[in-house]
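Worksheet: one structure, shown below.
The values are calculated or read from the model by the stated rules, or taken from the named source; none is laboratory data. Here the structure is a predicted model, which means the values were calculated and not measured. Note that each Cβ is placed from the backbone with ideal geometry, even for glycine, and that neighbours are counted across all protein chains shown.
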Amino acid sequence: MAPELRKTRFVCVSDTHNACPADGTFKLPKGDVLIHAGDLTKQGTFAELRKTLDWIERADCEVKIVIAGNHDITLDPNFYKEHGLHFHNQCPQEPQACIDLIKEYPSITYLNHESTHICLKRADGPRTRFKVFGSPYSPANGLWAFGYPPEHAVLLWDQIHLDTDIVITHTPPKYHCDESRHQEASGCETLREMLWRVRPSLAICGHVHEGRGAERILWDLDCPNVKFKESATGYWTDPGLGLGNRKQSHLDLSAKSPAPLNSTGPWIDASDGINLDGPPEISGDRLTVRKSAHSLVWTSATDRSGTSISVAFSEQIPSPALDNISSVPRNQENASKARGSETVASEYDASKSEVVSEENRAKGFREVSRIAKERGSASAYAGFKTGIHSATRGQGGSPPSGRCDLEALVGRKGRKETCVINASIMASSWPYMLKDNSKYSKPIIVDIDLPIWHDFK
């Protein structure tokens, strides 16, 4: 029996860089869950962190989920040990004190490249549940924290579990909410490929301030020839955009909206006045759609030679990205224990990650065997080995056919959409003028349906 669903409100912010509601730079609306997608500070000082965590703790939301960003340099101890004096030569900071500070805020869940389960339990709330993954990492570009080179991207993002409902990353995925002031896509292609496999309801990010907004991706899960393919993208027009506009930046993807998430008919149907060839100006909760007129051949995850992330970026600094990745708590209680431990992060274990991936692949093939047996065709799949999965990674098709990404598709084709949200509050990029209130955007409010928690096993 399908679980009962209820509307849950997410209030999304990122890249506040010391700005807070008390400064009058932005107003924080009420919600069920507050998400902060990194860059809490300008340069990660203890005082900056305390100021930001104070207003997050006071927010009128039951749960607050926070990740760091490249500017929160003290939360990346390995980076700070090597480069901290470049930023704080007059007043050196203590990274462990900054990490310990987060533990003093009981309502804040801090995720450092890890997953947890969230259950909303307020009597007057939706009482829903979801699994969330949060990571501070972004492609290395200059002397900033949590940077990774292209060759580390696959191992990094392969740690997102396929059953994740909400993905929070500081970097955007490539080609979605990632156009920088240099008019180029600045997101991570490997992250985009992993989103094809996971297909979370929401992928919340920041980092590229000019990319603020929301895009709704319909993934192509049937094409057997083009890997990591997309069918269509919906472009949201912010109803709260513009100086003097008092409307909230609200996007409703719940069952009561005109186009609920994972019910694609309304928003890709041209009969409703939506121009499929380009994005007309449509305000409110409606999304404009640009449907693919041709196939875009994305770089295969099994061949990184064509990656669009510049290697030159990664050569500017030694990358600490894979030296400082935390373990994965399975629920809120374990997440609290992780925050209460001596350090937030533990050493990344590549071999352990590969074991987990292999277990997931084996699970996919066991499911294929079950389906094949039910269809009376088990003998045709008797010779399948999990090792061939790497060749079909990101490939659409119809299970139990072995020519598709079985791990990502078997029993999961109902997950076919992701809404990418870049929630940057600071509208201009570094260096910026904090005194100019016109340089701030509003928080983005998103409503989605989630299962109620008493169905959780």
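Can you tell me which residues in segment 168-193 are in contact (Cβ under 8 Å) with a residue 60 or more places away in the chain and touching a Phe, Trp or Tyr at 6+ places or on another chain (Cβ under 8 Å)? Outline the logic, then answer.
Filtering segment 168-193 for residues in contact (Cβ under 8 Å) with a residue 60 or more places away in the chain gives 168-170, 172-174, 176-178, 180-181, 185, 188-190, 192-193.
If the condition is that a residue be in contact (Cβ under 8 Å) with a residue 60 or more places away in the chain and touching a Phe, Trp or Tyr at 6+ places or on another chain (Cβ under 8 Å), then I168, T169, H170, A185, C188, E189, T190, R192, E193 are the ones that fit.
Given the conditions (1) of a type in the set (D, E); (2) at pLDDT 95 or above; (3) out of contact with any Ser or Thr (no Cβ under 6 Å at 6 or more places or on another chain), and given that E184 satisfies all but one, which numbered condition is not satisfied?
With respect to (1) of a type in the set (D, E); (2) at pLDDT 95 or above; (3) out of contact with any Ser or Thr (no Cβ under 6 Å at 6 or more places or on another chain), E184 is out only on (2).
Hey, among G242, G206, which residue is without any contact (Cβ under 8 Å) to a residue 60 or more places away in the chain and small (G, A, S)?
Working: G206 fails: without any contact (Cβ under 8 Å) to a residue 60 or more places away in the chain.
Unique residue meeting the criteria: G242.
So G125 passes all but one of these: (1) under 25 Å from I448 (Cβ atoms); (2) surrounded by fewer than 24 Cβ atoms within 10 Å (Cβ to Cβ); (3) touching a Leu at 6+ places or on another chain (Cβ under 8 Å); (4) not charged (D, E, K, R). Which condition number does it fail?
Unmet for G125, out of (1) under 25 Å from I448 (Cβ atoms); (2) surrounded by fewer than 24 Cβ atoms within 10 Å (Cβ to Cβ); (3) touching a Leu at 6+ places or on another chain (Cβ under 8 Å); (4) not charged (D, E, K, R): (3).
If you scan segment 409-424, which residues turn out to be surrounded by fewer than 19 Cβ atoms within 10 Å (Cβ to Cβ) and in contact with a helix residue (DSSP H, G or I) (Cβ under 8 Å, 6 or more places away or on another chain)?
Within segment 409-424, just G411 meets the criteria.
What number of residues within segment 393-403 satisfy the criterion of being at negative phi, surrounded by fewer than 23 Cβ atoms within 10 Å (Cβ to Cβ) and out of contact with any Cys (no Cβ under 8 Å at 6 or more places or on another chain)?
So the count comes out to 5.
Of everything in segment 11-30, what is at pLDDT 95 or above and surrounded by 22 or more Cβ atoms within 10 Å (Cβ to Cβ)? Give them in sequence order.
Those that are at pLDDT 95 or above and surrounded by 22 or more Cβ atoms within 10 Å (Cβ to Cβ): V11, C12, V13, S14, D15, T16.
Check whether at least one residue in segment 129-139 is under 27 Å from K174 (Cβ atoms) and in a loop (DSSP other than H, G, I, E, B), and report yes or no. Please lay out each step first, then the result.
Start the filter on segment 129-139 by keeping residues that are under 27 Å from K174 (Cβ atoms), which leaves 130-139.
Now restrict to residues that are in a loop (DSSP other than H, G, I, E, B): 136-137.
The answer is yes; a qualifying residue exists.
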